[in-house]
Amino acid sequence: MHQSSNPTVDPVLAVLRQYFGFESFRGFQREIIDHLLAGQDAIVLMPTGGGKSLCYQVPALVLPGVVVVVSPLIALMQDQVAALWQNGIRAAFVNSTQTPQETASVLWQARQGALDLLYMAPERLLMESSLAFLSQLPVVLFAIDEAHCVSQWGHDFRPEYLGLSVLSERFPGVPRLAVTATATAVTRADIMKHLNLHQARLFIASFDRPNIHYTIVPKNDEKKQLKQFLDAEHPHDAGIVYCLSRKRVEEVALWVEKSGRRALPYHAGLDKETRQRNQATFLREEGVIIVATIAFGMGIDKPDVRFVAHLDLPKSLEAYCQEIGRAGRDGHPANAFLTYGYEDVVKLRRLLASSSVTEPVRRIARQQLDTMLAYCETTQCRRQLLLRHFGEQYPRACGNCDTCRAPIATWDGTIVAQKALSCVYRTGQRFGVEHLVDVLLGKTTERITSLDHEKITTFGIGSELSAQQWRSVFRQLVAADLLTVEPLHGGLRLTQRCRPVLRGEQSVRFRQEVEVCTPAKKEAQSAKNPHSFPDQQSKELWQSLKTFRQEIARQQGIPAYCIFHDATLQEMVDKRPTTEHDLSKINGIGIRKLKAYSNELLRIIKQFDQENSGG
Ligand code: ADP
Ligand code: ZN
């Protein structure tokens, strides 16, 4: 056997090396696995890309019996299972996309003891026939993926998940594991309660994602801003662009296409086939940009999404984190880019006001929106603020967000704030930003003359700032809770907190608006290039390996990352393995992949070295 460790010493580590080709466990993985192997329940909160799936995949290979994985992500099961087979792991799924014959065949395999892992959608698992079937098998573990779906407060609530508590009654001796990347205390409590996991041990990993670089810029021409961002940072990379409405998704997707990139729309208004096709293209082909509403993304486990860009404000920090969570799962540098404007806040508040939710829910949603806005407007380290929001302390400024890399300049805006606030007051606390700015700038628009607003004392007192600067001032006053927005019409009102400002007892500082992605700043603001090569040859080898990967993926009809992750190819470029033994040392190459691909890989690398050694 080519692996160096002695498998009889530590069967758990042996599985990690032989099947997954990884050298050691990360973070809590080993502890979680040992806990499960001892027959105990666990709840695992780990950020995206933290390595949750190994926590149940390894026990499936160590224990004699089958691990049942409950997942709502039907569309992904096929790829997940394909990736496992690449590692020589016997996995299958049962869901509504299959014919009865296919399902019967999977169940037959399970009964023969020919499966290590069985993926099931919750609604299928909860059918009496399924429960009865499973009770005849040696089920060694239930893994409940995306466990936050049990929480009614979250964005992914799935009523079927509430039924999963039945597992504890029907399979009292079988350990259960609930995993999620949603970290709020409410979600945690809901998982415990609704999945009947009161006794489970809680494993909470840090939610910091050090490879994500955060950039947030005020919106002025968001399509152009997006283009600058793409050209400067991601000319060839795959990524996701989120927009608030279906109409905008269509519009932006077209626009991105026109500017020379492959872009596909995704929203709930498209028919199911188109949605599935676009998602599959995004997953399978390289460098595709998907432009989507939040309908897209749950469980997208494509590892090499290099950026997530928001053209509109997400409705909460929780949603924002969930969405940017899809970037950089492979641990390589990735960008989270957001443009936000005051119009977004007005639009979201209006949506909220006209929705049919109860008052308490509406109040929570409003607070969430305010927190999101404050996050955008902050002059402090964004990572610190994000982690603090989720109850985690980050001891220092991170050095990998826009505010850290280019500290935000602020200016004393006390007088300007007083002018803006009194303008709101004098016009009767019912007008939106555009009108207020017109008044401050002394414009004689039709509206102003018809309302006699050229006669009030704040008319024309704001010529020191441009219209755009005034808009920024109003946005920051809302973020600082000195003004609130009337939800239906977007009119601004004063809050209690503006009194000391108006009386001159409290000063106000504004952030200086940063120029967006000018070429000079680009270098400092971006995430580091994930694939850096010392020379041209290495770059060419990387291309050859990628072409080879794409070719096999196409032959087998699965996404390229199911064959090898980018990190694995990168390591081959760096280390240039020349023997099978060298190759087995590369992360992500277990026994199965070594057998299947070593000849070709070594041939490519050898040929390459020969061609390049001559000159
Ligand atoms: P999650 O489900 O938590 O988002 P995954 O289980 O998909 O994360 O793992 C994220 C990435 O990290 C995958 O590419 C996986 O292969 C890799 N990974 C997980 N555990 C290890 C490990 N112990 N050593 C090396 N790579 C790992
Ligand atoms: Zn920072």
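The values are calculated or read from the model by the stated rules, or taken from the named source; none is laboratory data. Remember, predicted model here, so these are calculated numbers, not experimental data. For neighbour counting, all protein chains shown are included, and Cβ atoms are generated from backbone atoms with ideal geometry for every residue, glycine included. Protein only, heavy atoms only, side chains kept; ligands, DNA and RNA dropped before computing areas. Shrake-Rupley method; radii C 1.70, N 1.55, O 1.52, S 1.80 Å.
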Residue within region 322-342 that is touching a helix residue (DSSP H, G or I) at 6+ places or on another chain (Cβ under 7 Å), at pLDDT below 85 and under 18 Å from S245 (Cα atoms) present: yes
Filtered residues of region 303-323 (kept if within 16 Å of ligand 2 (Cβ to nearest atom) and open to solvent by 10 Å² or more (accessible area, probe 1.4 Å)): C321
In region 333-365, the residues that are surrounded by 18 or more Cβ atoms within 10 Å (Cβ to Cβ) and not aliphatic (A, V, I, L, M): P333, N335, F337, T339, Y340, G341, Y342, D344, R349
In region 199-258, residue most open to solvent (accessible area, probe 1.4 Å) [restricted to those that are closer than 16 Å to L270 by Cβ and over 21 Å from the mean Cα position of the chain (by Cα)]: K247
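Please pick out the residue among K223, K219, K227 that is in contact (Cβ under 8 Å) with a residue 24 or more places away in the chain, in contact with a strand residue (DSSP E or B) (Cβ under 8 Å, 6 or more places away or on another chain), of a type in the set (D, E, K, R) and within 30 Å of I408 (Cα to Cα). Explain how you work it out, then say what you get.
Working: K223 fails: in contact with a strand residue (DSSP E or B) (Cβ under 8 Å, 6 or more places away or on another chain); K227 fails: in contact with a strand residue (DSSP E or B) (Cβ under 8 Å, 6 or more places away or on another chain).
Matching residue, one of K223, K219, K227: K219.
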Any chance L54 is in contact with a Phe, Trp or Tyr (Cβ under 8 Å, 6 or more places away or on another chain) and within 24 Å of T568 (Cβ to Cβ): yes
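Being at pLDDT 90 or above and over 30 Å from the mean Cα position of the chain (by Cα) is true for just one of L483, L545, L492, L488. Which residue is that? Reasoning before the result, please.
Numbers: L483 fails: at pLDDT 90 or above; L545 fails: over 30 Å from the mean Cα position of the chain (by Cα); L488 fails: at pLDDT 90 or above.
Only one candidate passes the filter, namely L492.
Please work out if R329 is away from ligand 1 (no atom under 16 Å from the Cβ) and of a type outside the set (G, A, S).
Details: away from ligand 1 (no atom under 16 Å from the Cβ): no; of a type outside the set (G, A, S): yes.
Here the answer is no, as R329 does not meet what is asked.
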Tally of residues being within 20 Å of the chain's Cα centre (by Cα), surrounded by 16 or more Cβ atoms within 10 Å (Cβ to Cβ) and of a type in the set (A, V, I, L, M, F, W, C) across region 149-164: 2
Criterion violated by D412 - all others in (1) within 16 Å of ligand 2 (Cβ to nearest atom); (2) in contact with a strand residue (DSSP E or B) (Cβ under 8 Å, 6 or more places away or on another chain); (3) not hydroxyl-bearing (S, T, Y) satisfied: (1)
Check on R326, away from ligand 2 (no atom under 15 Å from the Cβ), open to solvent by 10 Å² or more (accessible area, probe 1.4 Å) and in contact with a Gly (Cβ under 7 Å, 6 or more places away or on another chain): yes
Answer residue from region 165-183, given it is open to solvent by 30 Å² or more (accessible area, probe 1.4 Å) and in contact (Cβ under 8 Å) with a residue 60 or more places away in the chain and is nearest to ligand 1 (Cβ to nearest atom) among those: A181
Filter result (surrounded by fewer than 19 Cβ atoms within 10 Å (Cβ to Cβ), touching a residue at least 24 places away in the same chain (Cβ under 8 Å) and of a type in the set (A, V, I, L, M, F, W, C)) within region 110-138: A114, L126, L131, F133, L137
All positions within region 287-302 that are open to solvent by 10 Å² or more (accessible area, probe 1.4 Å) and either within 16 Å of ligand 2 (Cβ to nearest atom) or under 12 Å from the mean Cα position of the chain (by Cα) (or both): I294, M298, G299, D301
Test set (1) more than 26 Å from F133 (Cα to Cα); (2) in contact with a strand residue (DSSP E or B) (Cβ under 6 Å, 6 or more places away or on another chain) - A42 fails condition number: (1)
Index of the failed condition, F337 passing every other in (1) in a loop (DSSP other than H, G, I, E, B); (2) touching a strand residue (DSSP E or B) at 6+ places or on another chain (Cβ under 8 Å): (1)
Selection count where residues are assigned to a helix (DSSP H, G or I) and in contact (Cβ under 8 Å) with a residue 24 or more places away in the chain, scope region 367-381: 10
Flag if A334 is away from ligand 1 (no atom under 16 Å from the Cβ) and of a type in the set (A, V, I, L, M): no
Some residue of region 590-606 being open to solvent by 30 Å² or more (accessible area, probe 1.4 Å) and part of a loop (DSSP other than H, G, I, E, B): no
Complete set of residues in region 372-389 that are more than 11 Å from T403 (Cα to Cα) and either at pLDDT below 80 or open to solvent by 50 Å² or more (accessible area, probe 1.4 Å) (or both): R388, H389
Test set (1) touching a Cys at 6+ places or on another chain (Cβ under 7 Å); (2) β-branched (V, I, T); (3) closer than 22 Å to N220 by Cβ - T458 fails condition number: (3)
F533, sole failed condition from (1) modelled with pLDDT of 50 or more; (2) open to solvent by less than 80 Å² (accessible area, probe 1.4 Å); (3) closer than 30 Å to L421 by Cα: (3)
Condition broken by E146, with the remaining ones in (1) surrounded by fewer than 18 Cβ atoms within 10 Å (Cβ to Cβ); (2) on the phi > 0 side of the Ramachandran plot satisfied: (1)
